[in-house]
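The values are calculated or read from the model by the stated rules, or taken from the named source; none is laboratory data. Computed from a prediction, not measured in an experiment: that's the story for all the values here. Please note: Cβ atoms are built from the backbone with ideal geometry, for glycine as well, and neighbour counts cover all protein chains shown.
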């Protein structure tokens, strides 16, 4: 019975990990982080805790990722895009998992969070994943929307 209860508690993280091609070590760390999360809290609680972990531990915080996932479960529709972008930042900047990060930036855009930096961040992921043409398109969009910081030196793709 205890094994079944434990499996039910961590099963959301297992599903998320399997769906997102997360490495085994990241998967284990996410499960450990999930075990520490307090259940039945508000969206604001989960979202603020996630940002607290990002500020204190950086974007590679497994705790932040788990709290962002919890916030998504109960997020108002108008907040989903921003949270997906935040998750993209954790996976891109923190865990260097550009495949998952690209998926989250795409979800952010699909949820009307179409800020210039989201397109630039997705361009980074697409470049790192070897999709130069899609990266170029995102770079053009980010530039058209006003993005000018090229910390990854990708604007050369537009020349």
_Given (1) touching a helix residue (DSSP H, G or I) at 6+ places or on another chain (Cβ under 8 Å); (2) farther than 18 Å from residue 98 by Cα, number of the condition residue 55 does not satisfy_ = (1)
*With a cut-off of at least 3 residues that are in the same structural domain as residue 38 (by TED's automatic domain parsing) and within 10 Å of the chain's Cα centre (by Cα), name the helices (runs of 4 or more DSSP H) lying wholly within segment 61-159.*
62-74, 77-89, 98-110
_All positions within segment 36-47 that are free of Cβ contacts under 8 Å to residues at least 24 places away in the same chain and surrounded by fewer than 13 Cβ atoms within 10 Å (Cβ to Cβ)_ = 38, 39, 40, 44
